[in-house]
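**Q** Input: one structure, supplied below.
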Amino acid sequence: MKYRYLRLLSALPLAAVLLYQPAAAPIPAHASLYAKMTTIQKRLLSGVGTRALVQGAVNPDEQDTAQPNTYYPTSDDGCPATLGSNVKVNQNCLNLTDPDLQGRAQAQNETAISHDPNNPQHLVATFNDYRRGDGNCYGAFSLDGGRNWTDSTVPMSFSRGHPPTNVTTGDFGASRQYWQAGGDTSVAWDTKGNAYFSCQVFDRGKPPTSNTDVSSAFLVFRSTQNKGASWNFPGRYVRASAGVTDAQAAANPFLDKQYMTVDNHAGSPFQDRVYVSWTEFAQNGTAFIYEAYSADYGETFSPRHLVSGNTPLCANDYGLAVGGCNENQFSQPFTGHDGTLYIVYDNFNNVETKGGPDNRNQILLSRSTDGGNTFSAPIKVADYYDLPDCATYQGGKDAGRACVPEKGSTSNSYFRAANYPSGSVSPRDSSQVVVTFGSYINKYSNETNGCTATGISPATFNNLYTGVKEANGCANKILVSVSNDAGASFTGTTTDPRALTTVNQKSAQRKTDQWWQWQDFARDGRLAVSYYDRQYGNDEFTGFSDFSLSGSRNLVDFGTRRVTTSSLPPPTQFGGLFWGDYTGLTAPDKAYPIWSDTRPPDLFLCPGSGTPGNPPTICTGSASNAPRANDQDIFTASLSIPLAGEGGDEGDNGDNGQGD
């Protein structure tokens with residue numbers, strides 16, 4: 001059992017401060033889904049997917065400190081907040097959650113953002129949001145270039161119980177199918193001023209609920225001509241997997257990690273077509289990538305199409321009955337002006353996975369030139385090295401997952417993390433396709449400085465390295481692979497990650513970690529890439545983080561600027577294990593990076609208050625891995641895109657608190 005010492009915010013009245021609470025026992029996974037997954041399926045499952053299937057108890061250690069006010073309303077609009085040029089996107093005020101459920105009813109993470117191609121001042125952001133208790137799909141819209149935001153809620157609590165037969169594995173057996181939770185959001189606009197919101201929904205089954213239903217689905221909602229302020233109902237099915245009955249649960253896949261785009265290029269042969277790609281974790285041990293599209297503004301969707309087809313690049317089929325590129329995750333669709341659809345994704349079937357110390361994996365890309373009906377054989381974008389096994393290097397924490405360990409003897413940074421690709425097509429040349437991705441082995445982090453791949457953990461399939469905790473040792477980087485022939489080949493196809501261009505070219509970035517990037521091309525052809533970054537202060541040794549933005553005109557030389565106005569402590573909600581899986585960015589002219597921020601403090605009911613004769617009072621809380629327990633809120637900024645040779649920052653975000 002643990003004692004937790006709580007100290008009050010300085011402005012709050014004095015109250016008793018000692019809290020004693022037993023540690024909660026973990027709750028087992030749903031036996032018919034997670035327990036039956038193979039080791040590699042468990043490795044690939046997204047954070048939202050894991051939390052859908054495995055309900056571990058959240059058991060933080062509370063304590064102290066404070067910064068922006070996200071609890072007390074400052075106007076009728078709720079709890080807006082700014083930290084210099086950083087603007088809070090979700091406008092809700094913090095709920096007071098019991099310590100053993102910290103993060104539930106509070107956190108926001110996994111961000112996406114998109115601008116109206118007809119008016120770049122119109123922005124819509126989407127994110128996982130736990131304010132209702134469990135994870136849900138929420139959004140916000142801005143009509144003034146991100147200076148002010150208003151919350152927007154998609155009506156996701158139920159959908160029709162009889163999905164179209166071409167998009168489902170079975171019927172739900174009633175007129176309505178209710179959903180307990182959702183997440184993995186994404187957002188995009190068409191050329192007609194409509195915005196689209198993609199939402200994963202699912203039921204948790206037993207335990208932790210008394211309901212046996214473990215169904216999952218992808219829904220798309222449309223904001224029709226009102227800029228993301230409201231959405232159609234019910235959501236339209238992209239794909240549904242019925243798990244109402246035991247037989248359905250035993251036979252049907254879990255649907256995970258969908259992402260959406262819209263071909264909003266005027267004159268494209270598939271203009272305004274909505275595309276969604278995703279992973280299906282099947283009962284036979286596979287994790288294939290699929291895609292579906294809508295040609296009627298999100299009203300109906302096509303049957304699924306296989307994206308991760310066969311190629312000699314996928315030499316290890318793990319002995320499964322269905323071979324080929326059968327283990328994948330983190331797909332992202334994007335389009336070019338000529339209507340070509342590209343889908344890029346992580347793949348884990350490369351020959352090196354058969355054994356040996358070289359633990360690289362590969363980024364693959366599949367193309368469709370007929371509007372998403374058929375796809376080319378996968379093309380190799382690049383090899384990459386994933387983040388290291390967390391438990392091995394962080395004192396046993398977050399077993400079964402990779403993370404971003406800080407250097408030195410502490411183990412504060414143990415939220416689950418993985419490297420993934422993000423792609424886009426140059427607006428000036430439809431044959432130029434650019435993909436960025438993270439890699440633990442790279443130009444600055446390799447054998448020459450003691451960072452050596454040493455195979456994988458047989459228990460988790462996660463990567464092992466020497467030099468993970470050493471100063472000037474391993475450091476994750478964001479790499480760039482470029483195609484100048486419409487995705488037929490890439491610079492990374494034959495170039496080792498140790499020789500590829502990195503966007504992290506500041507001297508302070510060479511021996512520090514960067515991860516969870518997103519990219520976009522500005523209309524004039526500049527590439528913008530945003531990401532979490534530990535180059536500032538002592539982030540690399542404390543597990544704190546910042547957010548940075550890099551930019552380039554020639555895809556070789558990159559400038560960088562700091563986005564966050566101060567450093568973010570390691571996340572403490574969900575036991576410090578979950579901070580989402582990705583971030584977002586849109587860049588019409590300026591760049592609008594969007595991220596989950598841990599600077600806001602979490603708050604709790606003070607122990608001993610809320611009892612007869614003791615009115616309720618509010619405490620901050622401590623954490624074992626941060627100066628205080630913190631909340632996860634969504635922030636963004638409006639920034640010019642930095643370019644090499646234009647100065648930049650070695651610690652200043654360049655805005656003097658005012659933004660651009």
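The values are calculated or read from the model by the stated rules, or taken from the named source; none is laboratory data. Keep in mind that this is a model prediction, so the values were computed, not measured. Neighbour counts are summed over all protein chains in view; Cβ atoms, including those assigned to glycine, are modelled from backbone coordinates with ideal geometry. Protein only, heavy atoms only, side chains kept; ligands, DNA and RNA dropped before computing areas. Shrake-Rupley method; radii C 1.70, N 1.55, O 1.52, S 1.80 Å.
**Q** Can you confirm whether Ser159 is farther than 30 Å from Tyr290 by Cα and hydroxyl-bearing (Ser, Thr, Tyr)?
**A** Against the criterion (farther than 30 Å from Tyr290 by Cα and hydroxyl-bearing (Ser, Thr, Tyr)), Ser159 does not qualify.
**Q** Look through segment 377-398, keep the residues that are assigned to a strand (DSSP E or B) and of a type in the set (Val, Ile, Thr), and return whichever of them is farthest from Asn463 (Cα to Cα). Show your work before the answer.
**A** Just the residues of segment 377-398 that are assigned to a strand (DSSP E or B), to begin with: 379-384, 388-389.
In the following step, the residues that additionally are of a type in the set (Val, Ile, Thr) were identified as 379, 381.
Working: Ile379: 24, Val381: 21 Å.
Filtering segment 377-398 for residues that are assigned to a strand (DSSP E or B) and of a type in the set (Val, Ile, Thr), the one farthest from Asn463 (Cα to Cα) comes out as Ile379.
**Q** If a residue has to be open to solvent by less than 10 Å² (accessible area, probe 1.4 Å) and modelled with pLDDT of 95 or more to count, how many in segment 626-654 make the cut?
**A** Final tally of qualifying residues: 11.
**Q** Let me ask something additional. Does segment 210-229 include one or more residues that are closer than 16 Å to Asn166 by Cα and of a type in the set (Lys, Arg)?
**A** The answer is no, given that none of the residues of segment 210-229 is closer than 16 Å to Asn166 by Cα and of a type in the set (Lys, Arg).
**Q** So is Gly487 more than 29 Å from Tyr130 (Cβ to Cβ) and touching a residue at least 24 places away in the same chain (Cβ under 8 Å) or not? It would help to see each step written out before you state the result.
**A** Values: more than 29 Å from Tyr130 (Cβ to Cβ): yes; touching a residue at least 24 places away in the same chain (Cβ under 8 Å): yes.
Yes: the conditions hold for Gly487.
**Q** Only residues that are of a type in the set (A, V, I, L, M, F, W, C), modelled with pLDDT of 90 or more and either part of a loop (DSSP other than H, G, I, E, B) or closer than 26 Å to Asn412 by Cα (or both): list them for segment 60-119, please. Full working, then the answer.
**A** Pass one, segment 60-119, residues of a type in the set (A, V, I, L, M, F, W, C): 66, 79, 81, 83, 87, 89, 93-94, 96, 101, 105, 107, 112-113.
With modelled with pLDDT of 90 or more added as a condition, the list becomes 79, 81, 83, 87, 89, 93-94, 96, 101, 105, 107, 112-113.
Cys79, Ala81, Leu83, Val89, Cys93, Leu94, Leu96, Leu101, Ala105, Ala107, listed by residue number.
Yes or no, residue by residue, for (1) open to solvent by 10 Å² or more (accessible area, probe 1.4 Å); (2) at pLDDT 95 or above:
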| residue | (1), (2) |
| --- | --- |
| Pro458 | yes, no |
| Leu464 | yes, yes |
| Asn476 | no, yes |
| Ser481 | no, yes |
| Arg526 | yes, yes |
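**Q** I've got another one for you. Please verify whether segment 424-432 includes one or more residues that are open to solvent by less than 10 Å² (accessible area, probe 1.4 Å), charged (D, E, K, R) and part of a loop (DSSP other than H, G, I, E, B).
**A** No, every residue in segment 424-432 fails to be open to solvent by less than 10 Å² (accessible area, probe 1.4 Å), charged (D, E, K, R) and part of a loop (DSSP other than H, G, I, E, B).
**Q** Let me ask another. Spot the failing condition for Lys443; the list is (1) over 29 Å from Thr495 (Cβ atoms); (2) open to solvent by 30 Å² or more (accessible area, probe 1.4 Å), and only one is missed.
**A** Checking Lys443 against (1) over 29 Å from Thr495 (Cβ atoms); (2) open to solvent by 30 Å² or more (accessible area, probe 1.4 Å), the one that fails is (1).
**Q** Scanning for something farther than 24 Å from Tyr592 by Cβ, touching a Gly at 6+ places or on another chain (Cβ under 7 Å), in contact (Cβ under 8 Å) with a residue 60 or more places away in the chain and surrounded by fewer than 24 Cβ atoms within 10 Å (Cβ to Cβ), does segment 540-550 turn up at least one residue? It would help to see each step written out before you state the result.
**A** Here is the first cut: in segment 540-550, the residues farther than 24 Å from Tyr592 by Cβ are 540-543.
Now restrict to residues that are touching a Gly at 6+ places or on another chain (Cβ under 7 Å): 541.
Still in the list and also in contact (Cβ under 8 Å) with a residue 60 or more places away in the chain: 541.
Pick out the ones that are also surrounded by fewer than 24 Cβ atoms within 10 Å (Cβ to Cβ) and you get 541.
Looking through segment 540-550, at least one residue is farther than 24 Å from Tyr592 by Cβ, touching a Gly at 6+ places or on another chain (Cβ under 7 Å), in contact (Cβ under 8 Å) with a residue 60 or more places away in the chain and surrounded by fewer than 24 Cβ atoms within 10 Å (Cβ to Cβ).
**Q** Among the numbered conditions (1) touching a residue at least 40 places away in the same chain (Cβ under 8 Å); (2) in a strand (DSSP E or B), tell me where Gly580 comes up short.
**A** (2)
**Q** Is one or more of the residues making up segment 595-614 part of a loop (DSSP other than H, G, I, E, B), within 24 Å of Val425 (Cα to Cα) and free of Cβ contacts under 8 Å to residues at least 12 places away in the same chain?
**A** No, there is no match, as no residue in segment 595-614 is part of a loop (DSSP other than H, G, I, E, B), within 24 Å of Val425 (Cα to Cα) and free of Cβ contacts under 8 Å to residues at least 12 places away in the same chain.
**Q** Could you tell me whether Arg360 is open to solvent by 20 Å² or more (accessible area, probe 1.4 Å), in contact with a strand residue (DSSP E or B) (Cβ under 8 Å, 6 or more places away or on another chain) and touching a residue at least 60 places away in the same chain (Cβ under 8 Å)?
**A** Taking the combined requirement at face value, the residue satisfies it.
**Q** Which residue pairs have Cβ atoms under 7 Å apart, sit 6 or more places apart or on different chains, and have a first residue in segment 77-91 that is within 16 Å of Gln108 (Cα to Cα) and a second that is assigned to a loop (DSSP other than H, G, I, E, B) and of a type in the set (Lys, Arg)?
**A** Listed pairs, sorted by first residue: Val87/Arg147.
**Q** Sticking with this one: Inside segment 399-415, can you point out the residues that are open to solvent by 10 Å² or more (accessible area, probe 1.4 Å), of a type outside the set (A, V, I, L, M) and out of contact with any Gly (no Cβ under 8 Å at 6 or more places or on another chain)?
**A** Of everything in segment 399-415, those that are open to solvent by 10 Å² or more (accessible area, probe 1.4 Å), of a type outside the set (A, V, I, L, M) and out of contact with any Gly (no Cβ under 8 Å at 6 or more places or on another chain) turn out to be Gly400, Arg401, Gly408, Ser409.
A quick yes/no check of all residues on (1) on the phi < 0 side of the Ramachandran plot; (2) touching a Ser or Thr at 6+ places or on another chain (Cβ under 8 Å); (3) of a type in the set (Gly, Ala, Ser); (4) modelled with pLDDT of 95 or more:
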{"position": "Gly193", "(1), (2), (3), (4)": "no, no, yes, yes"}
{"position": "Pro207", "(1), (2), (3), (4)": "yes, no, no, no"}
{"position": "Gly235", "(1), (2), (3), (4)": "yes, yes, yes, yes"}
{"position": "Pro253", "(1), (2), (3), (4)": "yes, yes, no, yes"}
{"position": "Asp256", "(1), (2), (3), (4)": "yes, yes, no, yes"}
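**Q** Within segment 368-376, can one find any residue that is among the hydroxyl-bearing types (Ser, Thr, Tyr), surrounded by 24 or more Cβ atoms within 10 Å (Cβ to Cβ), assigned to a strand (DSSP E or B) and modelled with pLDDT of 95 or more?
**A** Filtering segment 368-376 down to residues among the hydroxyl-bearing types (Ser, Thr, Tyr) leaves 368-369, 374, 376.
Within this subset, residues satisfying the condition of being surrounded by 24 or more Cβ atoms within 10 Å (Cβ to Cβ) are none.
Checking segment 368-376: not a single residue is among the hydroxyl-bearing types (Ser, Thr, Tyr), surrounded by 24 or more Cβ atoms within 10 Å (Cβ to Cβ), assigned to a strand (DSSP E or B) and modelled with pLDDT of 95 or more.
**Q** May I pose another question? I'd like the full set of residues that are among the hydroxyl-bearing types (Ser, Thr, Tyr) and closer than 17 Å to Thr111 by Cα, limited to segment 561-596.
**A** Thr564, Tyr582, Thr583, Thr586, Tyr592, Ser596
**Q** Working carefully through the options Phe301, Phe348, find the one that is of a type in the set (Phe, Trp, Tyr) and open to solvent by 10 Å² or more (accessible area, probe 1.4 Å).
**A** Unique residue meeting the criteria: Phe301.
**Q** May I pose another question? Would you check which residues across segment 399-423 are within 21 Å of Leu365 (Cβ to Cβ) and either in a loop (DSSP other than H, G, I, E, B) or among the hydrophobic types (A, V, I, L, M, F, W, C) (or both) and list them?
**A** Ala418, Asn419, Tyr420
**Q** Suppose we filter Ala471, Ala418, Ala382 for residues that are open to solvent by 10 Å² or more (accessible area, probe 1.4 Å) and under 24 Å from the mean Cα position of the chain (by Cα); which single one remains?
**A** Result of the check over Ala471, Ala418, Ala382: Ala418.
**Q** List the pairs whose first member sits in segment 228-257 and is farther than 15 Å from Thr212 by Cβ and β-branched (Val, Ile, Thr), whose second member is open to solvent by less than 40 Å² (accessible area, probe 1.4 Å) and in a helix (DSSP H, G or I), and whose Cβ atoms are under 7 Å apart, counting only residues at least 6 apart or on separate chains?
**A** Here the result reads Val238/Val167, each pair linking segment 228-257 to a residue that is open to solvent by less than 40 Å² (accessible area, probe 1.4 Å) and in a helix (DSSP H, G or I).
**Q** Which of the residues that make up segment 573-599 are more than 19 Å from Asp631 (Cα to Cα) and surrounded by fewer than 24 Cβ atoms within 10 Å (Cβ to Cβ)?
**A** Pro588, Asp589, Lys590
**Q** Also: Can you give me the ranges of the strands (runs of 3 or more DSSP E) entirely in segment 132-243 with at least 1 residues that are crowded, with 24+ Cβ neighbours inside 10 Å?
**A** In segment 132-243, the matching strands (runs of 3 or more DSSP E) lie at 136-142, 176-178, 181-189, 195-202, 216-223, 236-241.
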